[in-house]
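Chemist: Please see the structure below; I have some questions.
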Amino acid sequence: MRTILSERVQSGHLVLWQPQFPGDPCERTLFITGEVNDEFDEETWADASLAHRYGQLSGDFDRYVTGDTIQVGLDPYNKGDDSFLARIDPPEYGIWDIRSMAPSPAIRVLGAFAETDVFVALLTRVRKDLGGKGSREWMLARENAISRWDHLFPGHQRLLGEKINDFISKKAIAV
(Lines give C-alpha, C1' and ligand atoms only; values in the text may rest on other atoms or scores of the structure.)
Protein backbone atom coordinates (compact mmCIF):
# COMPACT_ATOMS: atom_id res chain seq x y z
CA MET A 1 0.00 0.00 0.00
CA ARG A 2 2.90 2.38 0.70
CA THR A 3 4.00 2.11 -2.94
CA ILE A 4 0.51 2.98 -4.20
CA LEU A 5 0.27 5.94 -1.79
CA SER A 6 3.64 7.20 -3.08
CA GLU A 7 2.49 6.84 -6.66
CA ARG A 8 -0.69 8.82 -5.92
CA VAL A 9 1.39 11.60 -4.35
CA GLN A 10 3.69 11.70 -7.38
CA SER A 11 0.70 11.87 -9.73
CA GLY A 12 -0.86 14.73 -7.74
CA HIS A 13 -3.94 12.75 -6.70
CA LEU A 14 -2.82 12.85 -3.06
CA VAL A 15 -0.85 15.31 -0.97
CA LEU A 16 1.12 14.26 2.09
CA TRP A 17 0.09 16.59 4.94
CA GLN A 18 3.06 18.20 6.68
CA PRO A 19 2.77 20.02 10.03
CA GLN A 20 2.50 23.80 9.74
CA PHE A 21 5.50 24.29 12.01
CA PRO A 22 8.75 22.86 10.64
CA GLY A 23 10.34 20.56 13.18
CA ASP A 24 7.06 19.32 14.66
CA PRO A 25 7.10 15.53 14.86
CA CYS A 26 5.24 13.31 12.41
CA GLU A 27 3.86 10.43 14.48
CA ARG A 28 1.01 9.57 12.11
CA THR A 29 0.48 9.96 8.38
CA LEU A 30 -2.27 11.93 6.68
CA PHE A 31 -2.83 12.07 2.95
CA ILE A 32 -5.41 14.44 1.50
CA THR A 33 -6.88 14.38 -1.98
CA GLY A 34 -6.02 17.16 -4.39
CA GLU A 35 -9.60 18.37 -4.01
CA VAL A 36 -9.28 18.69 -0.21
CA ASN A 37 -5.92 20.40 -0.67
CA ASP A 38 -7.49 22.91 -3.08
CA GLU A 39 -9.96 23.93 -0.36
CA PHE A 40 -7.06 25.52 1.53
CA ASP A 41 -6.50 27.93 -1.38
CA GLU A 42 -8.02 31.32 -0.54
CA GLU A 43 -8.65 31.92 -4.25
CA THR A 44 -11.44 29.32 -4.03
CA TRP A 45 -13.24 30.93 -1.07
CA ALA A 46 -16.44 32.86 -1.67
CA ASP A 47 -16.16 34.26 1.88
CA ALA A 48 -12.90 35.66 3.32
CA SER A 49 -13.98 34.55 6.81
CA LEU A 50 -13.15 31.00 5.72
CA ALA A 51 -9.46 31.83 6.28
CA HIS A 52 -9.90 31.40 10.03
CA ARG A 53 -11.98 28.24 9.56
CA TYR A 54 -9.44 26.57 7.30
CA GLY A 55 -6.68 27.70 9.65
CA GLN A 56 -8.42 25.70 12.38
CA LEU A 57 -8.82 22.70 10.08
CA SER A 58 -5.07 22.88 9.40
CA GLY A 59 -4.52 22.79 13.15
CA ASP A 60 -6.79 19.77 13.43
CA PHE A 61 -4.81 17.97 10.72
CA ASP A 62 -1.64 18.86 12.62
CA ARG A 63 -3.10 17.36 15.83
CA TYR A 64 -3.47 14.08 13.99
CA VAL A 65 -0.04 13.94 12.32
CA THR A 66 1.99 15.22 15.27
CA GLY A 67 0.63 12.46 17.47
CA ASP A 68 -1.49 14.45 19.92
CA THR A 69 -3.86 12.41 22.04
CA ILE A 70 -7.15 12.20 20.17
CA GLN A 71 -10.63 11.07 21.15
CA VAL A 72 -11.99 8.34 18.88
CA GLY A 73 -15.61 7.29 18.49
CA LEU A 74 -15.83 3.65 17.42
CA ASP A 75 -19.63 3.48 17.61
CA PRO A 76 -21.18 5.82 15.02
CA TYR A 77 -24.22 6.53 17.20
CA ASN A 78 -22.76 6.32 20.68
CA LYS A 79 -19.71 8.54 20.92
CA GLY A 80 -18.69 11.56 22.90
CA ASP A 81 -19.36 15.04 21.58
CA ASP A 82 -15.62 15.65 21.88
CA SER A 83 -14.71 12.88 19.41
CA PHE A 84 -12.00 14.07 17.07
CA LEU A 85 -12.26 11.03 14.81
CA ALA A 86 -15.36 8.85 14.43
CA ARG A 87 -16.58 5.93 12.38
CA ILE A 88 -19.44 6.48 9.95
CA ASP A 89 -22.36 4.07 9.88
CA PRO A 90 -22.06 1.22 9.05
CA PRO A 91 -18.62 0.52 10.58
CA GLU A 92 -17.94 -2.40 8.25
CA TYR A 93 -17.60 0.07 5.36
CA GLY A 94 -14.42 1.48 6.92
CA ILE A 95 -15.30 5.15 6.47
CA TRP A 96 -14.41 7.67 9.19
CA ASP A 97 -14.63 11.40 9.69
CA ILE A 98 -12.30 13.91 11.26
CA ARG A 99 -14.64 16.19 13.16
CA SER A 100 -13.41 19.78 12.95
CA MET A 101 -16.00 21.47 15.11
CA ALA A 102 -14.86 24.96 15.97
CA PRO A 103 -15.32 27.64 14.94
CA SER A 104 -18.64 27.44 13.12
CA PRO A 105 -19.32 26.13 10.55
CA ALA A 106 -18.22 22.66 11.64
CA ILE A 107 -16.50 20.62 8.94
CA ARG A 108 -16.41 16.85 8.52
CA VAL A 109 -13.51 15.33 6.62
CA LEU A 110 -14.49 11.88 5.40
CA GLY A 111 -11.82 9.32 4.72
CA ALA A 112 -10.45 5.89 5.53
CA PHE A 113 -7.42 4.22 7.01
CA ALA A 114 -4.99 2.64 4.57
CA GLU A 115 -2.96 1.18 7.45
CA THR A 116 -2.70 1.74 11.19
CA ASP A 117 -1.88 5.45 11.70
CA VAL A 118 -2.25 6.19 7.96
CA PHE A 119 -5.44 8.13 7.15
CA VAL A 120 -6.55 9.22 3.68
CA ALA A 121 -8.85 12.28 3.70
CA LEU A 122 -11.11 11.93 0.68
CA LEU A 123 -13.63 14.80 0.90
CA THR A 124 -15.01 17.50 3.16
CA ARG A 125 -18.54 18.51 3.99
CA VAL A 126 -19.96 21.31 6.11
CA ARG A 127 -21.70 19.54 9.00
CA LYS A 128 -24.99 21.42 8.72
CA ASP A 129 -25.31 20.21 5.10
CA LEU A 130 -25.24 16.56 6.18
CA GLY A 131 -28.57 16.53 8.02
CA GLY A 132 -29.40 14.24 10.92
CA LYS A 133 -28.27 10.74 11.81
CA GLY A 134 -28.85 8.30 8.99
CA SER A 135 -29.86 11.05 6.55
CA ARG A 136 -29.67 10.75 2.80
CA GLU A 137 -26.93 13.42 2.80
CA TRP A 138 -24.74 11.34 5.14
CA MET A 139 -25.33 8.27 2.97
CA LEU A 140 -24.39 10.17 -0.19
CA ALA A 141 -21.23 11.59 1.42
CA ARG A 142 -20.23 8.09 2.61
CA GLU A 143 -20.85 6.60 -0.84
CA ASN A 144 -18.89 9.42 -2.45
CA ALA A 145 -15.96 8.70 -0.11
CA ILE A 146 -16.11 4.99 -0.95
CA SER A 147 -16.18 5.78 -4.68
CA ARG A 148 -13.13 8.06 -4.33
CA TRP A 149 -11.26 5.37 -2.40
CA ASP A 150 -12.08 2.77 -5.06
CA HIS A 151 -10.91 5.14 -7.79
CA LEU A 152 -7.62 5.91 -6.01
CA PHE A 153 -6.94 2.36 -4.81
CA PRO A 154 -8.71 -0.15 -7.08
CA GLY A 155 -8.74 -3.59 -5.53
CA HIS A 156 -7.40 -2.39 -2.15
CA GLN A 157 -9.58 -2.60 0.93
CA ARG A 158 -9.92 0.10 3.54
CA LEU A 159 -8.54 -0.91 6.94
CA LEU A 160 -11.18 -2.57 9.10
CA GLY A 161 -11.05 -3.53 12.76
CA GLU A 162 -12.86 -3.61 16.06
CA LYS A 163 -10.38 -2.05 18.50
CA ILE A 164 -9.00 1.45 18.60
CA ASN A 165 -5.44 0.11 18.23
CA ASP A 166 -6.37 -1.41 14.89
CA PHE A 167 -6.46 2.19 13.60
CA ILE A 168 -4.43 4.39 15.96
CA SER A 169 -1.40 2.77 17.58
CA LYS A 170 -1.02 5.15 20.53
CA LYS A 171 -2.42 8.26 22.21
CA ALA A 172 -6.03 7.52 21.34
CA ILE A 173 -8.93 7.46 23.79
CA ALA A 174 -12.21 5.72 23.00
CA VAL A 175 -15.18 8.02 23.70
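The values are calculated or read from the model by the stated rules, or taken from the named source; none is laboratory data. This structure is a prediction, so every number in the text was calculated from the model and none was measured. Note: ideal-geometry Cβ built from the backbone for every residue, glycine included; neighbour counts use all protein chains shown. We work out accessible area using only protein heavy atoms, side chains counted, and drop any ligands, DNA or RNA first. Shrake-Rupley method; radii C 1.70, N 1.55, O 1.52, S 1.80 Å.
Yes/no matrix, rows are residues, columns are (1) farther than 19 Å from residue 172 by Cβ; (2) touching a residue at least 40 places away in the same chain (Cβ under 8 Å); (3) open to solvent by 40 Å² or more (accessible area, probe 1.4 Å):
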site: 61; (1), (2), (3): no, yes, no
site: 81; (1), (2), (3): no, no, yes
site: 84; (1), (2), (3): no, no, no
site: 87; (1), (2), (3): no, no, no
site: 131; (1), (2), (3): yes, no, no
site: 144; (1), (2), (3): yes, no, yes
site: 152; (1), (2), (3): yes, yes, no
site: 156; (1), (2), (3): yes, yes, yes
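Chemist: Another question, then. Mind checking which residues of segment 63-73 are open to solvent by 40 Å² or more (accessible area, probe 1.4 Å) and in a loop (DSSP other than H, G, I, E, B)?
Modeler: Within segment 63-73, 68, 69 meet the criteria.
Chemist: Separate question: Out of the residues in segment 22-39 that are touching a residue at least 40 places away in the same chain (Cβ under 8 Å) and surrounded by fewer than 17 Cβ atoms within 10 Å (Cβ to Cβ), which is nearest to residue 151 (Cα to Cα)?
Modeler: For segment 22-39, the residue satisfying everything is 35.
Chemist: Does residue 48 count as of a type in the set (A, V, I, L, M) and either touching a Pro at 6+ places or on another chain (Cβ under 6 Å) or open to solvent by 70 Å² or more (accessible area, probe 1.4 Å) (or both)?
Modeler: yes
Chemist: Is segment 86-97 home to any residue that is of a type in the set (A, V, I, L, M), in contact with an Asp or Glu (Cβ under 9 Å, 6 or more places away or on another chain) and farther than 20 Å from residue 136 by Cβ?
Modeler: No.
Chemist: Among the listed residues 120, 109, 175, which satisfies the condition of being at pLDDT 95 or above, touching a Gly at 6+ places or on another chain (Cβ under 8 Å) and of a type in the set (Val, Ile, Thr)?
Modeler: Step by step, each of 120, 109, 175 is checked, and only 120 is at pLDDT 95 or above, touching a Gly at 6+ places or on another chain (Cβ under 8 Å) and of a type in the set (Val, Ile, Thr).
Chemist: Something else about it: Would you check which residues across segment 61-71 are over 12 Å from residue 117 (Cβ atoms) and touching a strand residue (DSSP E or B) at 6+ places or on another chain (Cβ under 7 Å) and list them?
Modeler: 61, 63, 69, 71
Chemist: Right, something else. Of the conditions (1) outside any loop (DSSP other than H, G, I, E, B); (2) within 20 Å of residue 56 (Cα to Cα), residue 4 satisfies every one except a single condition; which number is it?
Modeler: Unmet condition: (2).
Chemist: Oh, and also: Within segment 158-172, track down each residue that is under 21 Å from residue 61 (Cβ atoms) and open to solvent by 60 Å² or more (accessible area, probe 1.4 Å).
Modeler: 170, 171
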